[in-house]
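The structure under discussion appears below in the form of structure tokens.
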Amino acid sequence: MKEIDYIALYAESLKEDNGLFKQQKRLIESQFQGSSSLFRGMFSPNFKANARQYLRKVGLL
Amino acid sequence: MGKGYHLEGDTIIINRESTKLDLFVKDFLDVLKKYVDYLLVSGFVSISSGRTRGTEDVDILVPIMNKDVFEKLFEELQKSGFWCYQGDSVEEVYPYITEMSNIRFARVDEMFPNMEVIPITEKRKAKFFEFTHPQKMKVQEFEFKIPPLEFEILYKELVLGGQKDLADAKHLRTFFAEIIKKEKFKEYEPIIKSEL
């Protein structure tokens, strides 16, 4: 089974069972937590200045 | 156990709890909507309707605005706890808007997620079309505007075409299969192809 087939299967299940949204919520909120800890650790205490330096380096600015 | 979504009139109601991502977008829109219209596009549309994947940015189309309007918007966003990647002053950031370049806002002391603001005019035909034909979607008390589902799916398949985009399109095609209208794909295809 290919990844795209799993996506279709999951979407079919989700259509009938909104309890599956709980897994998605956990993933989103765990990503928020992880990203926040990582970048605060990397850029504090001069968050904006350090963040912009990083963004220039990765080509986002 | 209940259905993943239902319709109330022409609004798609997603039957789930709010997430931190919804609250982030809602806080941003609460400010933005005072000054300018908008359309949420791309990843947020799929994620809102249950696609399980991470995201770093939320793409939002806004019509190009004059400097006075932008200044008020920019200042209120800053007062409301957002910072702009491109700069801290209107003088630094407004030129991006006039040059039709995207700008990004995140919450203070955070990098992600960010709102990627994409300026549009009537000249960007496909984007202007979706902007002027919004579909309403609602999660709990948060109502927002997205493109027509068929337009969003085709745009991902024909214009973006990356693995992530095709997976998002598959999710939308499957999840909303009962309300998607085949004739709309035919109507939207030439509009979308005009952007290629």
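Just so it is clear, none of the values below were taken in a lab; they were calculated from the coordinates. Remember, predicted model here, so these are calculated numbers, not experimental data. Backbone-built Cβ (ideal geometry, glycine too); neighbour counts: all protein chains shown.
With both partners inside the range B:16-148, how many of the DSSP beta bridges are antiparallel, as a percent to the nearest 5? Kindly include the intermediate steps, with their values, before the conclusion.
Working: 14 of 21 bridges.
Looking only at bridges with both residues in the range B:16-148, the antiparallel portion is about 65 percent.
Would you mind checking B:LYS33/B:LYS125; B:LYS26/B:LYS145; B:LYS33/B:LYS170 for any pair whose Cα atoms are more than 19 angstrom apart? Those over the limit are B:LYS33/B:LYS125; B:LYS33/B:LYS170. With the cut-off at under 20 Å, measuring from each backbone N in the range A:32-61 to a point 7 Å along the Cα-to-Cβ line of B:GLU91 picks out A:49. Note: relative contact order over chain B, using C-alpha pairs below 8 Å and six or more positions apart, is 23 percent. Between their Cα atoms, which of B:LYS127/B:LYS184; B:LYS123/B:LYS164; B:LYS3/B:LYS127 are more than 21 Å away from each other? In this structure, B:LYS123/B:LYS164; B:LYS3/B:LYS127 exceed 21 Å between Cα atoms.
Going by C-beta contacts inside 10 Å, put B:ASP57, B:ASP10 in order with the fewest on the left. Could the numbers behind the result be given before it?
Working: B:ASP57 17, B:ASP10 7.
In order of increasing Cβ crowding within 10 Å: B:ASP10, B:ASP57.
Database remark: amide H of B:TYR5 closer than 5 angstrom to the amide H of B:ASN15 (H placed geometrically; neighbours at sequence offset of 5 or more, or on other chains; Pro and chain starts carry no H). Taking chain A as the region of interest, the number of lysine pairs whose Cα atoms are within less than 25 Å, with members eight or more places apart or on different chains, is 5.
Counting charges near B:VAL93 (Lys, Arg +1; Asp, Glu -1) among other residues having Cβ under 15 Å from its Cβ returns a value of -4. Computed extension length for B:GLU141-B:LYS186: 12.9 nm, one decimal, from 0.36 nm per residue of separation with the Cα-Cα distance subtracted.
Counting only alpha carbon atoms, the long axis of helix A:21-43 and the longest principal axis of chain A meet at about 10°. For the range B:62-196, the spread of Cα coordinates along the three principal axes comes to 46, 34, 28 Å, biggest extent given first.
May I ask for the longest run of chain B untouched by GluC sites (Glu not before Pro) that are loop-located per DSSP and have at most 13 neighbouring C-beta atoms (other than their own) within 10 Å?
Numbers: sites that count: B:GLU17, B:GLU99, B:GLU122, B:GLU141, B:GLU178, B:GLU195.
That gives B:18-98 as the longest site-free run.
Quick one: order B:THR174, B:THR11 by neighbouring beta-carbon count within 10 Å, fewest to most.
On the way: B:THR174 18, B:THR11 12.
Listed from fewest to most nearby Cβ atoms, that is B:THR11, B:THR174.
Most exposed first by the Cβ proxy, i.e. fewest other Cβ within 10 Å, how do B:ASP165, B:ASP68 rank?
Numbers: B:ASP165 19, B:ASP68 10.
Fewest to most other Cβ atoms nearby, the residues stand as B:ASP68, B:ASP165.
Relative contact order, whole percent, for the range B:1-104 stands at 20, derived from Cα pairs under 8 Å and 6 or more residues apart.
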